[in-house]
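Below is one structure, written out as structure tokens; the observations come after it.
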Amino acid sequence: EVVTVPFVIRWNGMIPANLVDRNHLVSGLDLLPTVCDYANIGLPTGLSGQSLRPLIENPSLPGRSYVVSELQPDPKCEEMKGRMIRTARFKYIIFSHGQRPELLFDLETDPGETENLAYQVAYRDTVLEHQALLRKVIKDTSDLFPMPNQVRK
């Protein structure tokens, strides 16, 4: 639940008032590209975010299929790292070590994230799909996140 943070943006005359979008996946990394887009300023190179202006102006656009977040569960345990990948329906979380380092939540049926589905056979393909997305992000961004050995492949 800690990564379910509302993204609120307002600009009189530019962004429609009272527009609420609960369908598109956005990231805090999208703030600077969005502001630059509205200000007609070129983006600095190497940004991971994307402008939300197209989605704001046309909410019927599909948007991105996932977002990623870094997790640091305990500042006193620096070696423990985590990553989260959120798709339209699922949230997959993995920690750098531990006996059962994976979590998977079906946000349609369990919005409170109370039932970990990561180790249920029926969700094996879903876990593998989210792992593949995360591995691609880790590779594409040169992330040093250490995937634990216990992870299914």
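The values are calculated or read from the model by the stated rules, or taken from the named source; none is laboratory data. This structure is a prediction, so every number in the text was calculated from the model and none was measured. In case anyone asks, the SASA skips ligands and DNA or RNA and just uses the protein heavy atoms, side chains included. Shrake-Rupley method; radii C 1.70, N 1.55, O 1.52, S 1.80 Å.
Points to keep in mind about this one:
- For the chain, taking Cα atoms only, Rg and Dmax work out to 17.2, 53 Å respectively.
- Length released on extending from SER48 to SER96, taking residue separation times 0.36 nm less the Cα-Cα span: 15.0 nm
- Over the chain, dividing the summed -39,500 (n - 2.57) contributions of all DSSP H runs of at least 4 residues by the number of residues returns a 222 nm mean residue ellipticity of -6000 deg cm²/dmol.
- Proportion of all alpha-carbon pairs of region 1-59 beyond 19 Å (%): 29
- Region 102-128 versus region 6-73: alpha-carbon centroid distance in Å: 27
- The fraction of accessible area contributed by carbon and sulfur in the chain is 54 percent, rounded to a whole number (1.4 Å probe; ligands and nucleic acids excluded).
- Seen against the Cα atoms of the chain and their longest principal axis, helix 124-140 is set at about 60 degrees.
- Accessible area in square angstrom per residue, the chain, 1.4 angstrom probe: 66
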